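What follows is one structure encoded as structure tokens, with my remarks underneath.
Here, each number is a calculation from the coordinates, and none is a lab measurement. Keep in mind it's a predicted model, so treat the numbers as computed, not measured. We place every Cβ from the backbone using ideal geometry, glycine too, and count neighbours over all the protein chains shown.
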Amino acid sequence: MKKSLSIREKLEKIIAELPQDKLTLEEIRSLLGQDGMLLLVILLTVVFLIPVSIPGVSTIFGGTILLIGFSILFGWDLWLPKNFLDKELPASSLKKAFQKGLKWLIRLEKISKPNRAIWITTGKGAHIINGLSIILAAILLMAPFGFIPFSNTFPAIALLFYAIGLLQKDGISIIWGHIFNLLTIIYFAILLSGGWVLILELLKYLNII
């Protein structure tokens, strides 16, 4: 019997087959084939785990993950806007980012175990909670804090845990996803409150208030 590929091995195969010069989201999606939306979430998320900013990627990838979240929640076939599918992306930079991001995936995949706390991954209630959680993580990923360290990392890790957990029916990975979503919210709250304090101090210094 032919051994089934792990999540990492599937992604390595897909990355190796990506075009070298120009790349579109449509080409990425077509290579995924039957593995579907959760594998696409993982592939699009790993680029946010490394400290490299690739122009045009945040909006396209973040928006795609958000639409995947809604598709999972409502049981829709994935629909993506034509400008998302056809936008040309820097292939060489993305391939390098994918390959570096896979190192993180290997670590997270080792933590996960199939069919663990399976009740967190199945059933109508769990389906709704998990779908909403993916949507929340995608929104946090798209928040305009990309220039601040870890602002993309925390929600990206949450999304990886959600996708791995659903693919492997591992409820503990789902719980880790919830934890990183919560850490992201706390981190953003600290950033916003700290920014507000700085603004007030600046206004006082300028004798505006």
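Here are the numbers for this structure:
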{"read-out": "Column: log10 I(q)/I(0), Debye, Cα scatterers of the stretch 7-205, q = 0.11 Å⁻¹", "value": "-0.50"}
{"read-out": "The stretch 77-157: chymotrypsin sites (Phe, Trp or Tyr not before Pro) in DSSP loop, at most 13 other beta carbons within 10 Å", "value": "TRP79, PHE147"}
{"read-out": "32 Å Cα-Cα threshold exceeded, pairs from LYS10/LYS82; LYS22/LYS103; LYS13/LYS169; LYS96/LYS124; LYS87/LYS110", "value": "LYS96/LYS124; LYS87/LYS110"}
{"read-out": "Per DSSP, loop GluC sites (Glu not before Pro) in the stretch 7-109 with at most 15 further Cβ within 10 Å", "value": "GLU17, GLU88"}
{"read-out": "When the convex hull of its Cα atoms is projected in every direction, mean area for the stretch 75-130 (nm²)", "value": "6.2"}
{"read-out": "Förster radius 41 Å - calculated FRET efficiency between ASP77 and ARG8 (Cβ-Cβ, nearest 0.05)", "value": "0.95"}
{"read-out": "THR122-LEU182 FRET efficiency (beta carbon distance; Förster radius 25 Å; 0.05 resolution)", "value": "0.65"}
